[in-house]
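This report refers to the structure that appears directly beneath it.
The values are calculated or read from the model by the stated rules, or taken from the named source; none is laboratory data. Predicted, not measured: the structure shown is a model, and the values here were computed from it. Glycine gets a Cβ as well: all are built from the backbone with ideal geometry, and neighbour counts include every protein chain shown. Just so you know, the surface numbers come from the protein's heavy atoms only, side chains and all, with ligands and any DNA or RNA stripped out. Shrake-Rupley method; radii C 1.70, N 1.55, O 1.52, S 1.80 Å.
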Amino acid sequence: MKGSVQLLDISKRYGTSLAVDNVSLNIESGSYCCLLGPSGCGKSTTLRMIAGHESVSTGVVSLSDRNVTNLSPRQRGTAMMFQNYALFPHMSCIENAAYGLKVSGVAKSDRLKRAEDMLALVDMHAHLHKLPAHLSGGQQQRVALARALICKPDVILLDEPLSALDPFLRIKMRKELKRLQRQLGLTFIHVTHSQEEAFALADLAVVMKDGKIEQQGTPKSIFEKPASAFVADFIGGHNVIDPTDIAIDASSPFSVRSDHIRITSISNATTENTVHLSAEIVDVEFQAQFYFVEAEISNGQRCMCFIPEDDLDPTLISSGSSVQLNWRIDDMNTLSHTQ
Ligand code: ADP
Ligand code: MG
């Protein structure tokens, strides 16, 4: 289908190192996909292989059900938006936005009209004749987006598009990206190292590590069931616990969400289907709507617990106090691998 993306066993080798290692991925037409992972895990290389700015060492890239592996970027129906926007400094907004049409030989009056429409779409209608140097970061980004959209690509590729913006603008622009994606019905593939950004945007989130896909799914499914200790740690909000030397009926490491742990006073009573562990409070951090409580269990591992503001009993939960951590057995998530 137009706008669908299929990667079949793609790899990229630089000398002796594998930047991307046998990645297979299906992205549905019209969906918002985020490639997520720490620096160096192969996100940008994967994106560049989809765009055709980088050749694959092995594997097949299909776009809109067409094998594009050996096609040039311009033959693929993709458009790329770079981290630094790469606007031409000597061209006005409208000239920047019209650039792709100029290269394709579209007549001047026609391309300027279409560039104006595209700039209106990204809310830059008031700045048509300004140079990039006279625009804010958010405005430059809008122009870069208009420039990427103007050739009506089937797939938009964005490499860390929000990372140059301040936190407030980053949230505003990510909402705009999502709005545009929905409005235009295009496939977006967005590279980010921010779990928060990926979770806010993605229909399909793909977590990468060392050139491989570690887990993919909806943000909710990944948060509810991280597949590995790496994913649990990377997305945050989870504790990875090794059951060695603690009274827990588990044979391998598991994860438990920080907001699924309750802290009570030590009690001998047991509640059905619940794990009880004695612990010592190490630190209590105020985080406005909740407290971030760090507690050490008997084998020396530390657990992070989110305690809603109203549930924190200061006589019980303060540094050095002995407490009991409690979570439901159902809330323990088995990890398929430990690293
Ligand atoms: P990410 O975007 O996830 O930070 P990259 O895809 O840029 O990661 O890089 C993945 C790995 O490939 C890194 O180890 C990086 O150093 C290496 N790499 C990327 N581009 C090149 C290149 N042109 N030549 C050699 N190594 C590269
Ligand atoms: Mg990168």
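Summary of computed values
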quantity: Identity of the residue in the range 5-35, open to solvent by 20 Å² or more (accessible area, probe 1.4 Å), among the polar types (S, T, N, Q) and not in a strand (DSSP E or B), that ends up farthest from ligand 1 (Cβ to nearest atom); calculated: S29
quantity: Filter result for I94 (outside any helix (DSSP H, G or I), surrounded by 15 or more Cβ atoms within 10 Å (Cβ to Cβ) and not basic (K, R)); calculated: no
quantity: Residues within the range 31-80 that are in contact with a helix residue (DSSP H, G or I) (Cβ under 6 Å, 6 or more places away or on another chain) and farther than 23 Å from E160 by Cβ, tallied; calculated: 0
quantity: N70 of a type outside the set (D, E, K, R), free of Cβ contacts under 8 Å to residues at least 24 places away in the same chain and open to solvent by 70 Å² or more (accessible area, probe 1.4 Å); calculated: yes
quantity: Filtered residues of the range 53-67 (kept if in contact with a strand residue (DSSP E or B) (Cβ under 7 Å, 6 or more places away or on another chain) and open to solvent by less than 70 Å² (accessible area, probe 1.4 Å)); calculated: E54, V56, S57, G59, V60, V61, S62, L63
quantity: Residue satisfying condition, being within 16 Å of ligand 1 (Cβ to nearest atom) and either at positive phi or over 24 Å from the mean Cα position of the chain (by Cα) (or both), within set S109, S57, S64; calculated: S57
quantity: Condition check for E285: assigned to a strand (DSSP E or B) and within 31 Å of the chain's Cα centre (by Cα); calculated: yes
quantity: Residue within the range 141-158 that is within 16 Å of ligand 2 (Cβ to nearest atom) and either modelled with pLDDT of 90 or more or not hydroxyl-bearing (S, T, Y) (or both) present; calculated: yes
quantity: Qualifying residue in the range 75-84 (condition: more than 16 Å from ligand 2 (Cβ to nearest atom), under 14 Å from Q140 (Cβ atoms), touching a Leu at 6+ places or on another chain (Cβ under 7 Å) and in a loop (DSSP other than H, G, I, E, B)); calculated: no
quantity: Matching residues, the range 313-334, being open to solvent by less than 30 Å² (accessible area, probe 1.4 Å) and within 14 Å of T264 (Cα to Cα); calculated: I317, S321, V323, Q324, L325, N326, W327
quantity: Members of the range 36-47 that are of a type outside the set (G, A, S), more than 9 Å from ligand 2 (Cβ to nearest atom) and either open to solvent by 10 Å² or more (accessible area, probe 1.4 Å) or within 15 Å of E197 (Cβ to Cβ) (or both); calculated: L36, P38
quantity: Flag for Y85 being open to solvent by less than 70 Å² (accessible area, probe 1.4 Å), away from ligand 1 (no atom under 15 Å from the Cβ) and at pLDDT 95 or above; calculated: no
quantity: Residue match in the range 115-126 (condition: out of contact with any Cys (no Cβ under 9 Å at 6 or more places or on another chain) and in a loop (DSSP other than H, G, I, E, B)); calculated: yes
quantity: Meets criteria (under 27 Å from the mean Cα position of the chain (by Cα) and either among the charged types (D, E, K, R) or modelled with pLDDT under 95 (or both)) for R76; calculated: yes
quantity: Residue check, N268 exposed (fewer than 12 other Cβ atoms within 10 Å of the Cβ), out of contact with any His (no Cβ under 8 Å at 6 or more places or on another chain) and at pLDDT below 90; calculated: yes
